[in-house]
Amino acid sequence: MAIQRVGIVGAGQMGNGIAHVFSLAGYDVIMTDISQEALDSAMALIERNMARQVTRGRITEAEKTAAQGRISTTLKLADLGQTDLVIEAATERETVKQAIFEDLLPHLKPDTILTSNTSSISITRLASRTDRPEKFMGFHFMNPVPVMQLVELIRGIATDEPTYKALVEVVEKLGKTAASAEDFPAFIVNRILMPMINEAVYTLYEGVGNVKSIDESMKLGANHPMGPLELADFIGLDTCLAIMNVLHDGLADTKYRPCPLLVKYVEAGWLGRKTQRGFYDYRGEAPVPTR
């Protein structure tokens, strides 16, 4: 399976990062979203992030120019039909993802590999709604994509070996490391990470510590680069809640019950950095704990 043209659905935080690393690795990339504003914003962010890499000596100006020239954008999902690999990086809602694949299917080449960047949703279930479950996989990048080295590869029950091997080769060409995960709720990283974040929210909820003391305890006491509440804000509290709900619903274990305080923050629209308020308030010069 020779993969050269890559289609990316979604130009948000994950989609633009995926476009960034694929273009630098020599792939031709076409990225789509539902608004031109989102596409323009993504291209501007890619330019800024690549410029930062040039400044730090990670890439040359010529490599930056060539990579940007390999990215095109479109508002038409059908334009991704002639790609060799499609990576869906839309919002973490199963109905949205299913609708995207349904709209895409009539336009695809027979051998196009379909993947989802989902962080928790069943790959087997998503694949079953397509015409090629054997050519469907979970392709989970970590955020921020240009910086993080890991990619989780998740096989659905029907995924065939050539598809898996093709994606292992792609990850190697990107200069990243693949971790193979079985198709169970939240896979490996979020199966471990999200309950830790949820427990940190419970620790706050029960008054064991405030935001600052919880984050400092984990940074200085466990040598974590970011505290769990700071990390939750970075990820997005709505995403954290969505993954906890997938774990709770999928595994039916009360230890995965989302903390009521996490639910409350999401209900308030305090989703973290992207809304300027979460466990920290980002509207001033420096982040200020909200509890």
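First select every other residue whose beta carbon is under 11 angstrom from the beta carbon of residue 119; then total the charges, Lys and Arg +1, Asp and Glu -1.
Working: positive: 191; negative: 92, 152.
Neighbour charge sum, excluding residue 119 itself: -1.
Out of all DSSP beta bridges in the chain, what portion is antiparallel? Express it as a percent rounded to 5.
Working: 9 of 34 bridges.
Taking every DSSP beta bridge with both residues in the chain, the antiparallel ones total about 25 percent.
Please report, in debye to the nearest 20, how large the charge dipole of the chain is about its Cα centre when each Lys and Arg carries +1 at its beta carbon and each Asp and Glu carries -1 there. Don't skip to the answer; put the middle values down first.
Details: 30 positive and 36 negative charges, 95 e Å.
Magnitude of the dipole: close to 460 debye.
Dipole magnitude of region 233-282 about its Cα centre, charges +1 at Lys/Arg Cβ and -1 at Asp/Glu Cβ only, in debye to the nearest 20? Numbers along the way, then the final one.
Numbers: 6 positive and 6 negative charges, 18 e Å.
Computed charge dipole of region 233-282: roughly 80 debye.
Straight-line reach only, C-alpha to C-alpha below 24 angstrom: list the lysines that residue 76 could link to, leaving out same-chain residues fewer than 8 apart.
97, 109, 135
Size of the chain along its principal axes in angstrom, Cα-based, largest extent first?
56, 46, 33
If you take every residue apart from residue 272 with its C-beta less than 12 Å away from the C-beta of residue 272, what net charge results, scoring Lys and Arg +1 and Asp and Glu -1? Walk me through the numbers on the way to the answer.
On the way: positive: 273, 274, 277; negative: 230, 233, 238, 281.
Cβ neighbours under 12 Å give a net charge of -1.
Using a cut-off of 15 Å between beta-carbons, work out the net charge of the residues near residue 48 (Lys and Arg +1, Asp and Glu -1, residue 48 not included). Can you show the working numbers first?
Numbers: positive: 52, 56, 58, 64; negative: 40, 47, 61.
With Lys, Arg at +1 and Asp, Glu at -1, the neighbours total +1.
How large, in Å, is region 1-94 by the Kirkwood hydrodynamic radius built from its alpha-carbon pairs?
Numbers: mean 1/r = 0.0752 Å⁻¹.
Mean inverse Cα-Cα distance, inverted, gives 13.3 Å.
Whole number please: convex hull volume per residue, Cα atoms of region 138-291, in Å³. Could you put the intermediate results ahead of the total?
Details: hull volume 19.1 nm³, N = 154.
Cα-based convex hull of region 138-291, divided per residue, equals 124 Å³.
Rank these for me by crowding, 217, 23, 128, 122, going from fewest to most other beta carbons within 10 Å.
Details: 217 17, 23 23, 128 14, 122 20.
Least to most surrounded, the residues fall as 128, 217, 122, 23.
Read phi for every residue in region 255-272 and hand back ³J(HN,Hα) as whole Hz from Karplus 6.51 cos²θ - 1.76 cosθ + 1.60, θ = phi - 60°, with x for Gly and Pro.
5, 9, 5, x, 5, x, 5, 5, 4, 5, 4, 5, 4, 6, x, 8, 9, x
Starting from 0.36 nm per residue, how many nanometres of slack lie between residue 285 and residue 168 once their C-alpha separation is accounted for?
Numbers: separation 117, 0.36 × 117 = 42.12 nm, distance 4.27 nm.
Answer, rounded to one decimal: 37.9 nm.
Computed from the coordinates by the stated procedures, all read-outs in this text should not be read as laboratory data. It should be emphasised that the depicted structure is a prediction, and the values quoted were computed from it without experimental measurement. Neighbour counts run over all protein chains shown; Cβ positions are idealised from the backbone, glycine included.
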